[in-house]
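Undergrad: One structure follows; several queries about it will come next.
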Amino acid sequence: MYPFRIEIIGHGIGAHVDGQIGKHLQKFRMNKLKRIIGLDPAALWFKNEMNSSLQCDDAENVTVIHTNSGGYGIDTKICLNDLYLNDGQQQPECKNNLIDVLCSHNVAWDRYIDLIEEKSLEKYKSCNTFVLCLDFSGSMFEVVTKNYLKMMNAAKELIRTFSDIKLGIVSFGGTAVETHPIVEINTNRENLISSIVDDNLGSTSIGGGLRRSLNMLISALKNEKCSANIILATDGEQNTGETPADVLPDLLKLQVKVSTLAIGTDASPDLEEIAKSTGGQVFYVNDDEAALSAISSMHRNLLSLVEKELDVDKVPIYVTCRNVFLGNNSRVEEKVLIDPGIGKDTTFEVFIKDKKKIGVCIQSPNKKEYTEKSPEYDKKTTENMHSFRFKIADSGDYIVTLEKKKRFKRFVDPLDRLAVTLSVKSFPKANVTETVQLVGKLSNRVLTYPHPIRVFVELGVGKFPIINATVVTVIEGDGKEVTIKLHDNGRSPDLAPNDGIYSGTIWELPAAGRNSIVVKASSSGEALLLLKENNLFKIGNTCSKSNCQIIYPFERELNLGSVKKEAPIEPTSEENILVDPITDLEIKEVNDKESKVTLQWTIPGNSGHNKSIEYFEMIILTNATSFENGYKIEPMDVIGSLNCTNCLEGMSKNVTIKIPKQIWSQYINGKSDIIFAVKSILSSVESDYSNLIALEQRLTKLRPHTNCFYSYLT
């Protein structure tokens, strides 16, 4: 064998295997390999392992292509000539991939093929391209809501806000027109803004607007590998011309993502399907004139649809977005915390129907005051928005004073409340390494009983999780709010405790139709930064003086868009309605000597019936046995009772189980696992009313090295 003639290629872990081959050949005093090509070398287990990972001297020539650094790929440079395509992070074509989270990691093979075919790799750059597809149909011009005006103002602020993207504009009603071609936004802001005009275009052809937007993208991008996005804003339903379903196959074929802004309750019910099919999202604006934040939500949601597609460093961190009222007291003070992790390009925005009615003053932590006469005040904003922009904002508490202007006080009934929305956003300061970030997702966007919506958010500094923070989900619909606390305790739907991933379940929405959902995270000094990276298996962490530190007080807010409640299928009888499932089954105590296990759970609600839960059925599963084939716990196995006499929702239920000898023996000998499952029963053990979804939690305290949770559908 002649190593100096051999070239080897490895992808992910394979790249590090190549490195081991090179090391061992040199160890046995053989020549170096001619070349090793490492395609996005894996990060997990190899980042800090010099002896195990691919190194630059493992061959005469080592070429490394990074396509997902900081994700599945390693984020450290291996050789001086490493190739970082699109900064080595998310690849342009993968922003539109709907399923494959490994897309950017796996695309390294395609980049290698381009390399050996001597094709240019310059085309693989981040170049976000958007078309604003704006509804100017007749319904947008209703006198009461004036949705067209709110949308126009929000679109203009969007154009003034973003940089380094390409943007075009389409207006549609019964027909669709190209208002402005796709151009670089940096040098064309004023032209883009002036092109937005309030022409009433009659009826509504959402499909026509999508088709015109798609054609613009095809013409502008040609063969470029850029992400293509359509931002569709509409308040109505399709009633003429080409339909969204007609355009959808072409959108999918060309990997164009459509995100939608649903304005009001009459916005097309098809928007969720359009967004889901193309990988986009849906945001909702309550257009009711009485809605407290109609103006600000139009503005923020339109911006959010663009922010979702940008690289993380180009997306602001939202500190707060809160509603404020000026009633009998014509002056209100609001405290806003700018923490040490942020402060660059900080914006304070105040939204109101007519900004002339209030004055705004901001006092910094060093007591300096800023008013509408200060250079930090932005005089170019629309008529419903005050804005202060600080290049660098000092850390500390800011006092925002909102006050009715004197000339309007006499015209305003002191009993009438002025509704104002205060929004604050910022970016990390240069050279700051400890910035708290909040990201999240929903399991689905349509709530159809009995299937809930799961909320998962990750709170941390870089790859280090933050624990002990207060994290809640606020759901708003039809003027009503519901707040759900998210937990990081390992109880379903949370998979592992203390990993910085906070989870919760939405069983009910405040309103039929669309509801807005926002996550808020905060700490007054009690949250801890766990100095241990989460690994692939999300094993629960513990805190000690050596690996935990107190994180500074902070506030964060994350806009997750909208969720929709669909009416359940009307049952022919009560038998078709499922009992609510148990969601927090846990092991409280284990007696190894007597093979006893104590389980605890919370009595679930029973929203489908006007009756209480009467009984619980418990199953033990071993290895891969199905729910039906599991061992059903009999009364003789229970110390206590599985009956639920006078059970009320929210009460705790504790049951101690004597594990059958044969099952315990198999477990002790390592031949099988033990998994518990509990079902709620309405009338009897065999009742058809029992829930079909049960939670099972592995017996983790018997075997500490495992931490797995299972959920079976039966």
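A short reminder: the numbers here are calculations on the coordinates, not readings from a lab. On a predicted model such as this, the values are computed, not experimentally measured, just so you know. No Cβ is skipped: glycine too gets one built from the backbone with ideal geometry, and neighbour counts run over all protein chains shown.
Undergrad: Highest mean first, how do 65-75, 430-440 rank when packing is the count of other Cβ atoms within 10 Å averaged over residues? Each step should come with its number before you reach the end.
TA: Details: 65-75: 23.0, 430-440: 15.4.
The densest-packed peptide leads the list: 65-75, 430-440.
Undergrad: When the Karplus curve 6.51 cos²θ - 1.76 cosθ + 1.60 is applied with θ = phi - 60°, which whole-Hz ³J(HN,Hα) does each residue of the stretch 172-177 get, with x for Gly and Pro?
TA: 9, x, x, 10, 10, 10
Undergrad: Name the residues whose placed amide hydrogens come within less than 5 Å of the amide hydrogen of Asp287, ignoring near sequence neighbours (fewer than 5 apart) on the same chain.
TA: Gly264, Thr265
Undergrad: Return the long-range amide H neighbours of Ile169 (sequence gap of 5 or more, or a different chain), with a cut-off of under 5 Å between placed amide H atoms.
TA: Leu132, Thr179, His180
Undergrad: So how do 652-665, 268-281 stack up, highest first, on mean other-Cβ count within 10 Å?
TA: On the way: 652-665: 15.6, 268-281: 20.3.
Those peptides, ordered most packed to least, come out 268-281, 652-665.
Undergrad: Using the structure shown, list the pairs from Lys335/Lys357; Lys166/Lys356; Lys308/Lys485; Lys356/Lys429; Lys166/Lys391 with a Cα-Cα distance above 28 Å, or answer none.
TA: Numbers: Lys335/Lys357 21 Å; Lys166/Lys356 34 Å; Lys308/Lys485 24 Å; Lys356/Lys429 33 Å; Lys166/Lys391 24 Å.
Check vs 28 Å cut-off fails for Lys166/Lys356; Lys356/Lys429.
Undergrad: Just the number, please: percent antiparallel of the DSSP beta bridges in the stretch 124-199, rounded to the nearest 5.
TA: Details: 6 of 13 bridges.
Roughly 45 percent of the DSSP beta bridges within the stretch 124-199 come out antiparallel.
Undergrad: Arrange Ser364, Ser374 by Cβ neighbour counts within 10 Å, fewest through most, would you?
TA: Details: Ser364 16, Ser374 12.
So the residues, fewest neighbours to most, are Ser374, Ser364.
Undergrad: Given Val170, Asn286, Asn229, which one lies farthest toward the positive end of the charge dipole of the stretch 148-306, if we put +1 on the Cβ of every Lys and Arg and -1 on the Cβ of every Asp and Glu?
TA: It is Asn229, whose Cα lies furthest towards the positive end.
Undergrad: Taking 18 Å as the cut-off for C-alpha to C-alpha distance, list the pairs among Lys355/Lys380; Lys156/Lys404; Lys353/Lys380; Lys632/Lys658; Lys344/Lys380 that go past it.
TA: Details: Lys355/Lys380 13 Å; Lys156/Lys404 26 Å; Lys353/Lys380 16 Å; Lys632/Lys658 12 Å; Lys344/Lys380 21 Å.
Checking Cα-Cα distances, Lys156/Lys404; Lys344/Lys380 exceed 18 Å.
Undergrad: Related question: Only counting other Cβ atoms within 10 Å, I'd like Ser163, Ser562, Ser205 sorted with the fewest neighbours first.
TA: Numbers: Ser163 9, Ser562 28, Ser205 25.
By the 10 Å Cβ count, ascending, the order reads Ser163, Ser205, Ser562.
Undergrad: Under a 5 Å amide H to amide H cut-off, with H placed in plane at 1.01 Å, what residues pair with Val64 once short-range neighbours are removed?
TA: Result for Val64 returns Gly38, Leu83.
Undergrad: Enumerate the calculated ³J(HN,Hα) couplings along the stretch 382-388 in order (Karplus 6.51 cos²θ - 1.76 cosθ + 1.60, θ = phi - 60°), each rounded to whole Hz, writing x wherever the residue is Gly or Pro.
TA: 6, 5, 10, 8, 9, 9, 10
Undergrad: Hey, another quick one. Test of understanding: ordering Leu528, Leu585 by Cβ neighbours within 10 Å, fewest first, what list do you get? Walk me through the intermediate numbers first.
TA: Working: Leu528 18, Leu585 22.
Least crowded to most crowded, the residues run Leu528, Leu585.
Undergrad: Rounded, prolate or oblate: which fits the stretch 436-565 when a ≥ b ≥ c are the square roots of the eigenvalues of the alpha-carbon gyration tensor, with rounded for a/c under 1.5 and prolate only if a/b beats b/c? Mind showing how you got there, number by number?
TA: Details: a/c = 2.71, a/b = 1.83, b/c = 1.49.
Cα axes put the stretch 436-565 in the prolate bin.
Undergrad: Pop out the ³J(HN,Hα) list for the stretch 419-433 in order, Karplus 6.51 cos²θ - 1.76 cosθ + 1.60 with θ = phi - 60°, rounded to Hz; leave Gly and Pro as x.
TA: Running phi through 6.51 cos²θ - 1.76 cosθ + 1.60 with θ = phi - 60° gives 8, 10, 10, 9, 10, 10, 9, 7, 10, x, 6, 4, 6, 8, 9 Hz.
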